[in-house]
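Some notes on the structure that comes next.
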């Protein structure tokens, strides 16, 4: 029995020609369809990433809006007389924070020169400290609610997002500033984004 191919045979030549056409057709499809498939997969991935980015943006926006609204409500209810009594102001801030602890590092009130009047929860590193150089204080003293730039907290030494709300007297003049601090790594803030 002879198992060696006979290249002079028409059958062998037709089989080899058929195999050559099959291989050429497969390679042609790969090269022609590869670009089409690459574009299709790229568009699909782009659409999915855009959907994820939109979801994360909406989640961040919701977290910030909730905090801004809470800060505005707390600021509107602070009795002006408490600005002259830091101990009572601290207790008052504690009650509000315990009822709705959206700001993971709490609240503090700054006087017009940027010195901490009262804070809750009490951080010894924050008492009497000056925040006069912070952008959110300077803007809030102009009468605007402010979302500050993320910074490393002076008292906590962790990345935080400060939000500030002006406290006005009966004539509308800004007397002090209420600041709410959220730790960026906090589980109740920007929960859809992981910083690990």
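Tabulated results
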item	result
Value of [θ]222 nm, deg cm²/dmol, for the chain, DSSP H segments ≥ 4, -39500 (n - 2.57) each, nearest 500	-16000 deg cm²/dmol
Simple spin-label estimate for residue 13 and residue 100 in nanometres, 7 Å along Cα-Cβ	9.0
Helix 86-99 axis, angle to the chain major axis (alpha carbon atoms, nearest 10°)	40
Length released on extending from residue 184 to residue 20, taking residue separation times 0.36 nm less the Cα-Cα span	52.8 nm
GNM flexibility winner over the chain from 32, 83, 184 (Cα, springs under 10 Å)	32
Distance histogram for the chain (every C-alpha pair counted, 5 angstrom bins, percent rounded to whole numbers)	1, 7, 12, 14, 13, 8, 5, 4, 3, 3, 3, 3, 3, 3, 3, 3, 3, 3, 3, 2, 1, 0, 0
Cα-based helix-to-principal-axis angle, 10-77 vs the chain, degrees rounded to 10	10
Pair residue 27, residue 64: separation of 7 Å Cα→Cβ label points (nm)	5.5
The chain, relative contact order in percent, only Cα pairs under 8 angstrom and at least six apart counted	18
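Read-outs throughout are calculated quantities, based only on the coordinates presented, and are distinct from any laboratory measurement. Because the structure is a prediction, the values reported are computed rather than measured. All Cβ positions, even for glycine, are placed from backbone atoms using ideal geometry, and neighbour counts span all protein chains on display.
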